[in-house]
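One structure below.
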Amino acid sequence: MLHMDPVLLYALGGFAFISLVLLYSASDGNWLRVLAQFGNIAVAFLAMWIVANMPLHWLMRVAVPMYVFGMILLLLVMTPLGVNSHGATRWLNIGVATIQPSELMKIAVPLMMAWYFEKNEATLKLRNYLVATILLLLPLVLIVRQPDLGTTILIWASGFYVLFLAGLSWRIMIGLTLGAVAAAPFMWSMLHDYQRHRVLMLLDPSQDALGKGYHTIQGMIAVGSGGILGKGYMNGTQTHLDFLPERTTDFIFAVWSEEFGLIGNLLLLGLYVFVIGRGFIVTANASTYFTRLMAGSITLTFFTYAFVNMGMVSGILPVVGVPLPLISYGGTSMLTLMLGFGMLMSIHTHKKLVKT
């Protein structure tokens, strides 16, 4: 328990328990899938423990090397070493394994930006925010080309939160928002066909109910059919009659909604709110500029994960391939999130930051 926050640890343990129990139902009792997820959780908790016991000045030291290393890996994805799957080149073959470099940038980007603002805290000017924005945009340009819209949104959010917490002027943020709205037609033309279809399916999924709108329609049916109390554990018809796609990964929230209903959703939302609230407490009590920026960004990014996934499953956001945090099957997302929570615990338990 050295340098671990018990409150946060127990809450994360609750998510792990829900993940395993729900995955057993979503996979139709596939114990191999459940055991694989248990292994993912064990590795992620081990990584969290290691980072939680890492002194804060070590986090400062790894910021630049991690960012540079991540950028090199993203560039290598564009070479013959990049692995193409389902029309996207997001992975890198390193011989012994295949990795997704963009996942590393979910931690490296806000860490690098927080490090930069810490170094320039005493003399922050507009040019510092411009430099930080460039640090954010560089990896985003490479990830958009893969293409990977879901990861792009999450990394953009993590970087934007650092800019916001670093004191970016409201006038500048409003100006950037208006600029983004004005550039929407150009951005629309830059999207891939499947990405444009996802947005159009959000507006009217029934126009291609058995094709591109299928995920959205089935997700909404499963969420709505749970009613107040749900259909009961392992009794979800959309799930177990194989209507619901991606039910162990991106659409596992629909499984939960169908089986446990509105009451279950409120309990799950309560657990998410509890963890996010704990993150804000850590942020408020952080002892340095660097740790406040990192803790705030990690907490708000976790919120974004949950909001985007629940939104796309419920039909209020386009389907962008974002898993339900700490519950969906998969090791990469779980590991990234737990590394972030490890940093939160380190920030909470280590009170001094040694300048480097």
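Since every read-out is calculated from the coordinates, none of them should be taken as a lab result. Quick caveat, the model's predicted, so the values are computed rather than measured. Every residue, glycine among them, receives a Cβ derived from its backbone with ideal geometry; neighbour counts consider all protein chains shown.
A compact table of results
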| quantity | calculated |
| --- | --- |
| Residue within the stretch 167-184 that is crowded, with 21+ Cβ neighbours inside 10 Å and touching a helix residue (DSSP H, G or I) at 6+ places or on another chain (Cβ under 8 Å) present | no |
| Selection within the stretch 305-322 - part of a loop (DSSP other than H, G, I, E, B) and under 10 Å from the mean Cα position of the chain (by Cα) | Val322 |
| Of residues in the stretch 276-291 being assigned to a helix (DSSP H, G or I) and out of contact with any Leu (no Cβ under 7 Å at 6 or more places or on another chain), the one surrounded by the fewest Cβ atoms within 10 Å (Cβ to Cβ) | Ala284 |
| Considering residues of the stretch 55-72 that are surrounded by fewer than 17 Cβ atoms within 10 Å (Cβ to Cβ) and in contact (Cβ under 8 Å) with a residue 60 or more places away in the chain only, the residue nearest to Pro101 (Cα to Cα) | Arg61 |
| Pick from the stretch 292-305, criterion free of Cβ contacts under 8 Å to residues at least 60 places away in the same chain and in contact with a Ser or Thr (Cβ under 9 Å, 6 or more places away or on another chain), ranking: surrounded by the fewest Cβ atoms within 10 Å (Cβ to Cβ) | Thr299 |
| Qualifying residue in the stretch 248-262 (condition: surrounded by fewer than 14 Cβ atoms within 10 Å (Cβ to Cβ) and either in contact with a helix residue (DSSP H, G or I) (Cβ under 9 Å, 6 or more places away or on another chain) or among the basic types (Lys, Arg) (or both)) | no |
| Of all residues in the stretch 113-141 being of a type in the set (D, E, K, R) and either in a helix (DSSP H, G or I) or surrounded by 14 or more Cβ atoms within 10 Å (Cβ to Cβ) (or both), the one that is nearest to the chain's Cα centre (by Cα) | Glu118 |
| Residue list for the stretch 265-283, restricted to those being touching an Asp or Glu at 6+ places or on another chain (Cβ under 8 Å) and among the β-branched types (Val, Ile, Thr) | Val282 |
| Residue list for the stretch 144-163, filter: within 15 Å of Pro110 (Cβ to Cβ), among the hydrophobic types (A, V, I, L, M, F, W, C) and touching a helix residue (DSSP H, G or I) at 6+ places or on another chain (Cβ under 7 Å) | Ile153, Leu154, Ile155, Trp156, Ala157, Val162, Leu163 |
